[in-house]
1. Would you mind checking the pairs K83/K138; K83/K161; K72/K138; K44/K80 and listing those with alpha carbons more than 31 angstrom apart?
2. Would you work out what percent of the accessible area of the range 5-130, with all protein chains in place, is carbon or sulfur (probe 1.4 Å)?
3. Kindly report the accessible area of the chain per residue (heavy atoms of protein chains, probe 1.4 Å, no ligands, DNA or RNA), in Å².
4. In nanometres, what is the gap between the two model label sites at E119 and H65, each 7 Å from Cα along Cα-to-Cβ?
5. Hey, what number do you get for the chain at 222 nm if only DSSP H runs of n ≥ 4 count, each worth -39500 (n - 2.57), divided across all residues, to the nearest 500?
6. If you stretched the chain out fully between A93 and E39, how much longer would it get, using 0.36 nm times the residue separation minus the C-alpha to C-alpha distance?
7. Using a 10 angstrom cutoff on alpha carbons, build the Gaussian network for the chain and name the most mobile of L132, L23, L143.
8. Which residue, S70, T60, A84, has the largest displacement toward the positive end of the dipole of the range 38-105 when charges sit on each Cβ (Lys, Arg +1; Asp, Glu -1)?
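The values are calculated or read from the model by the stated rules, or taken from the named source; none is laboratory data. Everything numeric here is computed off the predicted structure, so don't read it as measured data. Please note: Cβ atoms are built from the backbone with ideal geometry, for glycine as well, and neighbour counts cover all protein chains shown. Just the protein is used for accessible areas: all its heavy atoms, side chains included, with ligands, DNA and RNA removed. Shrake-Rupley method; radii C 1.70, N 1.55, O 1.52, S 1.80 Å.
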Amino acid sequence: MSEKIAIYPGSFDPPTNGHLDILARALNLFDHIIIAVTESEHKKSLFTVEERVKMLHTVTSGMQHVTVDSFKGLLVRYVKEKKASAIIRGLRAISDFEYEFQMALMNRHLGLKETASIETVYLMPSENFTYLSSSLVKEVVRLGGDIDSFVPESIAIELKKKLKYA
Ligand code: PNS
């Protein structure tokens, strides 16, 4: 039987413990997860794509069945290129729903022309992370707050360096 590959796409600006929680859950469902970093059309990023890929490499080093990559352009095209069958997204609260619903249906529509079937699979993070977002983590660092329970140590160091709080 062929390997079940899922793509976990996102901005990951920066990766948080919430992302790692979703990754661990996805690994229980699929044979291989490709974490795929891209620029978001809606957000101005703090870290370059290369920096985010590097940070993700560090925090997933030693994990089996995980690859870190980046892509440009349409997600569904990338999914097809990688011969993946699913897109993984984390769903934290009702407030995420509308955006995620729009994206999933748009990807399904685009996917129909691109490939056989791509399903978006939504996973709920641990309740400790339901209020966690990369944007909030950046804001807390900017304001000098403690983020140690929200991101791995290597990410906290990079964030503080970037925002000149080191
Ligand atoms: O972490 P984010 O910023 O919520 O991730 C959003 C992301 C990167 C998954 C989304 O913007 C995306 O898929 N971008 C790739 C371009 C694309 O395919 N756009 C149409 C999606 S409906």
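1. Going by Cα-Cα distance, K83/K138; K83/K161 fall outside the 31 Å limit.
2. 55
3. Value for the chain: 59 Å² per residue.
4. Each label point lies 7 Å from its Cα, and together they span 1.6 nm.
5. -13000 deg cm²/dmol
6. This chain segment gains 17.1 nm when fully extended.
7. Judging by the Gaussian network model, the answer is L143.
8. A84
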